[in-house]
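Note sheet for the following structure.
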Amino acid sequence: MATLILDNGAGTAKVGFSTDSEPKIIPNCVTKAKNVRTRIFIGDQIEECKDLSSLYYLLPFQKGFLVNWEIEKQVWDHMFSKDVCQVDFNETALLVTEPFFNFPSIGESINEVIFEEYQFQALHRTQAPTLSCYKHQTDKVTSGSLFGTLVVDSGYSFSHIVPFYKNKPLKEAIIRVNVGGKVLTNHLKEVISYRQLMVMDETYVINQMKEDVCYVSTQFKKDISIARLKYPENTISRDYILPDYTHIKRGYVRAPEDSGKAKGDEQMIRMNNERFAIPELLFYPSDVGIQEMGLSESIMHCMTLVDKELVPHLLNNIVLTGGNALLPGFQDRVFQDVRSMASDDYDVGISTPSNPLTYAWQSGCDLALDPIFPSMCVSRHDYEEHGHVACINKFNVS
Amino acid sequence: MADKRESVRIKDGQQLRVLDEAARRRRQRKALEALEEDNFSEDPHADLKMSKKAPKFDEGIDSSGPGPKKKRKSRGDFKLRYRKTFSALLEEEHMLNKDGPTYFTACAPPSTLPERHFCAVCGFPSNYTCVQCGARYCCIKCLGTHQDTRCLKYTA
């Protein structure tokens, strides 16, 4: 029987069979383009769209939880169809991820859709950090000291700090920071729209710009003073040329030596302190008035909630995953902060997988090959016999 | 003569409308809600009928409802059963799960570090607060921009 791995993120879903080497990354949404009025774009169909300005998004997730099934069904239908994965439901088991503390009624609806609508043969539900921990354990097996792993998963809707004892998440010490890629993009949109150019409708373009030019500062005060300077001394400022989707198909950074006024018809945004002040929200949510600890502070707070004996293991095995881990400087910043806050007696070890976006999915592939995997699944027969109870007993969720 | 002279600053000061604490909090909450928005504008296709689903000429008035045809019967029931908003889910969780770690307990607590302040106009560190609305600014120039654009312009 084949196993399909679906890391169902609120921003992008990572999907593929356990035998594939890479997952397909599918935007988990339905998109409408302002200038294409004849159709809608489901998931990765958006790649067929030539004009990506003023996209309208329909998202199945709200604050990281699956609430809109009408949209999710469309995306899943597309993912399981021959266009993407060509799933033979009668011959396939599914491994699907959900957030920590997923609400029971959402869990039930997932069971129901998987078994009754799609008729998969077996199901395993888990969380992306749990998978990441599993892979980190096997990847680092030589070092030996793997009592504890701390997974920091910073995604689209929020960031989770999850301590593990061996492979078991310590639920009472999980911390959620309600800042993710979506908040960063929305804040960048707001800031640019006020300071330079109205871009409130250009979520796609601005998100791309964020990915192209934003970085996490490791010397915030110094970067601020550099950003105050004028061109040759100011090494931070970048001119970003926006796409117009006729001549310029994608936004790009202009080389610093060519910076200056926009040429011809092109539209330009100058990214100066915005380059590092936006990702700062991950570390200081209070900068925009979200009264929560940032990532580094939350990691240290998490250490106060777990057994004292576990702390050195956790601090030495921090894994950074999720899309925000792709921001340049992210790991350096977490290391710098944690090192400065943690006791000198502890070693701090942080790693970022080569692809933090697909790490949980890759791990799902490994897990699917594990001989214990079949015993972690609920089969359709079990579900039909015992209903949701079978799933509640089997899955380590909520 | 002397009684006619008056301080401009005192006069202006009396006219100043200052937002109270509640109004400032309301503004702040709106700003935070905006950070969670999926879209800024309304659905651009809202006025559009998909050509296949557009009403046919031979259809009666009673069938003018634009409801999409159900492909499978179960899907229709299903939609009804799981149509729960996020706030309804939160409430349900609050009622059902009183002890043990939950969505609520997992939320990061307020930071113990002092808050940092940035100019609402230019984004650089700010030392001053707008007397009227409480926004931060860093220099006279930014204050001018702020007063011309945002300050009390759209009051919540």
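Taking segment A:245-291 only, how many residues are hydroxyl-bearing (S, T, Y) and assigned to a helix (DSSP H, G or I)?
Total satisfying the criteria: 1.
Of all residues in segment B:102-144, count the ones that are assigned to a strand (DSSP E or B), within 24 Å of the chain's Cα centre (by Cα) and within 11 Å of chain A (Cβ to nearest Cβ).
3
Since B:E92 meets every condition but one in (1) surrounded by 12 or more Cβ atoms within 10 Å (Cβ to Cβ); (2) more than 7 Å from chain A (Cβ to nearest Cβ); (3) farther than 28 Å from A:I278 by Cβ, which condition does it not meet?
Looking at each condition in turn, B:E92 falls short on (2).
State whether the residues of segment A:115-130 include one that is aliphatic (A, V, I, L, M) and closer than 24 Å to A:H386 by Cα.
If we filter segment A:115-130 for residues that are aliphatic (A, V, I, L, M), which is where we start, we get A:122-123, A:128.
Of the ones still in play, those that are also closer than 24 Å to A:H386 by Cα are A:122-123.
Yes, segment A:115-130 contains a residue that is aliphatic (A, V, I, L, M) and closer than 24 Å to A:H386 by Cα.
Can you give me the ranges of the strands (runs of 3 or more DSSP E) entirely in segment A:13-80 with at least 3 residues that are within 13 Å of chain B (Cβ to nearest Cβ) and not charged (D, E, K, R)?
Ranges flagged: A:30-33, A:36-42, A:55-58.
Of the residues A:S379, A:S340, only one is within 27 Å of the chain's Cα centre (by Cα) and of a type in the set (S, T, N, Q); which?
On the way: A:S379 fails: within 27 Å of the chain's Cα centre (by Cα).
Within the list A:S379, A:S340, the selection yields A:S340.
For segment A:208-235, give me each residue that is over 26 Å from the mean Cα position of the chain (by Cα), closer than 27 Å to A:S296 by Cα and hydrophobic (A, V, I, L, M, F, W, C).
Matches in segment A:208-235: A:I224, A:I226, A:A227.
I'd like the residue in segment A:292-314 that is farther than 18 Å from A:R339 by Cα and not in a helix (DSSP H, G or I) and, out of all such residues, is nearest to the other protein chains (Cβ to nearest Cβ).
Result: A:E292.
Quick check: anything in segment A:287-300 surrounded by 15 or more Cβ atoms within 10 Å (Cβ to Cβ), free of Cβ contacts under 8 Å to residues at least 40 places away in the same chain and under 23 Å from the mean Cα position of the chain (by Cα)? Step through it out loud before you land on a result.
Residues of segment A:287-300 that are surrounded by 15 or more Cβ atoms within 10 Å (Cβ to Cβ), as a first pass: A:287-288, A:290, A:292-300.
Among the residues that remain, those that are also free of Cβ contacts under 8 Å to residues at least 40 places away in the same chain are: A:287.
Imposing the further condition that a residue be under 23 Å from the mean Cα position of the chain (by Cα) reduces the set to A:287.
Checking segment A:287-300: at least one residue is surrounded by 15 or more Cβ atoms within 10 Å (Cβ to Cβ), free of Cβ contacts under 8 Å to residues at least 40 places away in the same chain and under 23 Å from the mean Cα position of the chain (by Cα).
Residues in segment A:133-156 that are polar (S, T, N, Q) and modelled with pLDDT of 95 or more: how many?
So the first thing to find is which residues in segment A:133-156 are polar (S, T, N, Q), and the list is A:137-138, A:142-143, A:145, A:149, A:154.
Restricting the remaining residues to those that are modelled with pLDDT of 95 or more gives A:154.
Final tally of qualifying residues: 1.
Could you run through segment A:257-276 and say how many residues are in contact with a Phe, Trp or Tyr (Cβ under 8 Å, 6 or more places away or on another chain) and without any contact (Cβ under 8 Å) to a residue 60 or more places away in the chain?
Residues in segment A:257-276 being in contact with a Phe, Trp or Tyr (Cβ under 8 Å, 6 or more places away or on another chain) and without any contact (Cβ under 8 Å) to a residue 60 or more places away in the chain: 3 in total.
For every residue, the table says whether it meets (1) in contact with a strand residue (DSSP E or B) (Cβ under 9 Å, 6 or more places away or on another chain); (2) touching a residue at least 40 places away in the same chain (Cβ under 8 Å); (3) buried (at least 20 other Cβ atoms within 10 Å of the Cβ).
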| residue | (1), (2), (3) |
| --- | --- |
| A:G11 | yes, yes, yes |
| A:D20 | yes, yes, no |
| A:K32 | yes, no, yes |
| A:R39 | yes, no, no |
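The values are calculated or read from the model by the stated rules, or taken from the named source; none is laboratory data. Not measured: the values here are computed from a predicted model. Using ideal geometry, Cβ is built from the backbone for each residue, glycine included, and neighbour counts are taken over all protein chains shown.
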